[in-house]
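First comes the structure, then the notes that go with it.
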Amino acid sequence: MAEAAVAKKSKKERMKEYLKGWVPYRFQRYYTFIAVTLFALIIPWIKINGAHFFLLNFDHKQIHLFFTKFDMQELYMMPFLLIFGFLGVFFLTTLAGRIWCGWLCPQTIFRIIYRDLIETKLLGIRRSIQNKQKEPKGQYFKKAVAMLIWTVLAFVAAANFVWFFVPPEEFFQYLQNPGDHGVMMGTIFVLALFLIYDVIKLKEDFCIYVCPYARVQSVMYDEETIQTIYNTHRGGHIYADDQQTKLVNTQKELLSVDESNECTYCDACVRVCPTHIDIKAGTQLECINCLECADACTEVMGALGKESLITWTSYSAVEEERKPKFIRFRTIAYGVALTIALVGLFWMGSTKEYMLLNINRTTQLYKVKDDGQRVVNAYTFLFQNTENKDHKYFFEVVGRDDIKIERPDKAFTLRAGAKSKKVVVLSTTKELAKDNKKDTPIPITIKAYAVDDKEKVVVQRNTTFVYPRYDVLLEHRK
C-alpha cells in the first residue's frame, strides 16, 4: 500500500513537473476564437471620418478599406487586394499547414460554439468535450433548446456578414421596411438556414467533403511545413503501410512488438478528434490542425513524465530531431511577395482622389464666333464629391493664359457623395495655330479643386482644345 502510494505520488509529481506552465492548444484556440469573433462583430460599427475598415457597399457603389472610402471608379487597387489575399493564404499554408482551418475559419468557430459551449458546457448534452466520436442519444428537449439557441446565433452571424456589405447604420433602417429590401432579407435568411444546416447536420463533413481548401493546401506542403505530426520514432508505427490495417490493438501487444515504443495506444487522440481520424496513421486531408490530439497526448504522456508524441512541427524536424525551420526559401519568397503586394495596396490607397472628374467632349468639335475672333470648345464635366462633407468646386486651365473659362463663371456646391454634370465652355481670342490643312488639337490640363480645401481636394485631367483650320477662321472674318 505504501509503495503504491509512493508510486502514485511520484506519477503525479512527474506529471505536475512536465505540465508546469503548459497551456493547452484548445484554450489558445478559444482565446483566438474570442478575439476573431469580437473583431468581426465590432469592426463594422467603427467609422473614422465616415469610412469603415472594410465595406463593399453596392448601394452607394463604394468600397471602404482601412478606413478610407473609394468610389467604384477607383477600384484600380482591387488587384493588389486580391493578390494580397491569395498570397496570404499560400504563406500561412506553407508556414503552418491548415492553421486557417483550425484557428480562424468561421466554420470551426461555429462548431466550437455549438458543440463545446452550447451542447457540452451550457446544456450538458455531451458528457465531455474530450470524446467527439460518440453522438449523444436521446435528450430531445435539450437538443431542441440547443437548436433554438443556435438558430438565433445563426441569424446574428448572417446579419454580421451582411454588415460588411450594408453598413449597420443603414442595415437597421432597412429592417424597418423589409419588403423594400428583398435582396438583403433573402441573403440573411438563406445564409442563416445554411449555417443552421451546416453546424447542426453537416458538421465537420463540410471540412472533409465540401471545402476545397484541403485539396489546394496539399500541393503547397513541403518537408518543412508545420503540421500536426505523430512521432513514429518514439511512438512506433501503429498502422501498416496502407495506413488502414491495425498491427496491434492493445498496449501489451504493442510492447511485445517493440518495447522501445512509447505509445500506450490509449486512443485519447482518436476520441478527441473532431474530424474522426487517427493522427497516428500520418497526415491526412481531414486534419484541420486543431491540435486537440496533441493536447490529449500531452496529458497522457505527461502522466508518465514524458513529452507528447503528437506535436506541431515538421517532418524534417522529426527526422532530424530539431526544431522546425520557420524561415526558409519558400516562406521568405512568400513574405517578400506579400510585402510587395501590401506596399502596392497602401500606395494605391494613398493616391486616392477626394473628388472624381470625367471630361467628355461634345459631338461638335468647336464653334467660331464674333466674326472669327473667338473660338469656343464645349465639354461635359462629370463631378463627384467623394468626401463626407459638402464642398464648393471650381477649375482652371493649367499654364495657359490664352484659353479662358467662359462657362460656368463661378464656383458651385456639391453635397457629400453627390454627383453633378456640368456643361463647360472654354474659349480663346488668340491665334493658337495657322494650319490651313487640318484642325489643330492643343493638349491642355484641367485642374479642378475644392475652393474651401485646395491642398487636399484637387485633381488634374488632360484633354484637348481643338483649334480650327486657319482658312476657316479667315472665312469668318470676311
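The values are calculated or read from the model by the stated rules, or taken from the named source; none is laboratory data. Here the structure is a predicted model, which means the values were calculated and not measured. Note that each Cβ is placed from the backbone with ideal geometry, even for glycine, and that neighbours are counted across all protein chains shown. Just the protein is used for accessible areas: all its heavy atoms, side chains included, with ligands, DNA and RNA removed. Shrake-Rupley method; radii C 1.70, N 1.55, O 1.52, S 1.80 Å.
Tabulated data
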quantity	calculated
As computed over region 175-243, the Cα convex hull volume per residue (Å³)	186 Å³
Net charge over other residues, Cβ less than 14 angstrom from the Cβ of Arg330 (K, R count +1; D, E count -1)	-1
Quarter of Cα convex hull surface for region 257-320, i.e. mean projection, nm²	4.9 nm²
Label-point gap, in nm, between Ile405 and Tyr140 - each point 7 angstrom along Cα→Cβ	7.8 nm
Gain in span if fully extended, Leu104 to Thr37, counting 0.36 nm per residue against the direct Cα distance	23.2 nm
Under the Karplus curve 6.51 cos²θ - 1.76 cosθ + 1.60, θ = phi - 60°, whole-Hz ³J(HN,Hα) for region 423-429, x wherever Gly or Pro sits	8, 10, 10, 10, 9, 9, 10
Cα gyration tensor category, rounded, prolate or oblate, for region 74-157 with a/c compared to 1.5	oblate
Overall form of region 138-220 per C-alpha gyration tensor (a/c, 1.5; a/b vs b/c)	oblate
Degrees, to the nearest 10: 25-42 long Cα axis against longest axis of the chain	30 degrees
Cα Rg, Dmax, the chain, angstrom units	33.9, 130
Crossing angle, helix 329-350 versus the chain [Cα axis fit, 0-90 degrees, rounded to tens]	30 degrees
For Tyr467, distant residues with modelled amide H under 5 Å away	Thr440, Ile442
Phe412, Phe172, Phe67, ranked by accessible area, largest first (probe 1.4 Å)	Phe172, Phe67, Phe412
Rounded to whole Å, sorted largest first: equivalent-ellipsoid semi-axes of region 419-464, Cα gyration tensor	30, 12, 10
Between helix 140-162 and the chain: long-axis angle, C-alpha atoms, 0 to 90°, nearest 10	30 degrees
Cα gyration tensor shape of region 323-387, rounded if a/c is under 1.5, else prolate or oblate by comparing a/b with b/c	prolate
Spread of Cα-to-Cα distances over 5 Å intervals beginning at zero, given as percent, for region 377-478	2, 11, 20, 21, 16, 11, 7, 5, 4, 2, 0
Using a Förster distance of 35 Å, the FRET efficiency for Gln130-Ile46 (Cβ separation, nearest 0.05)	0.35
Free-standing Cys, the chain [no other Cys Cβ under 4.7 Å]	Cys101, Cys105, Cys207, Cys211, Cys263, Cys266, Cys273, Cys287, Cys290, Cys297
Region 281-382: proportion of alpha-carbon pairs further apart than 15 angstrom, %	81 percent
Per residue, the convex hull volume that the Cα atoms of region 53-193 enclose (Å³)	151 Å³
Extension reserve of the Val152-Tyr197 stretch, reckoned as 0.36 nm per residue once the Cα distance is removed	14.9 nm
Separation of alpha-carbon centers, region 400-436 and region 150-209, rounded to whole Å	50 Å
Residue-count net charge about Thr464 - beta-carbon cut-off 15 Å; Lys, Arg +1, Asp, Glu -1	+1
Note, ³J(HN,Hα) from phi for region 290-296, Karplus 6.51, -1.76, 1.60, rounded to Hz, x at Gly and Pro	7, 6, 5, 5, 5, 4, 4
Estimated FRET transfer efficiency (Lys456, Val343; beta-carbon r; R0 30 Å; 0.05)	0.85
Carbon plus sulfur fraction of accessible area for region 371-478, probe 1.4 Å, in percent	44 percent
Average accessible surface area per residue within the chain, 1.4 Å rolling probe, Å²	56 Å²
Cβ-derived FRET efficiency at R0 22 Å, Phe54 paired with Leu117, nearest 0.05	0.20
Net charge contributed by nearby residues that have their C-beta within less than 11 Å of Ile118 (K/R +1, D/E -1)	+4
Contour minus Cα-Cα distance for Asp435 and Glu286 (0.36 nm per residue)	46.0 nm
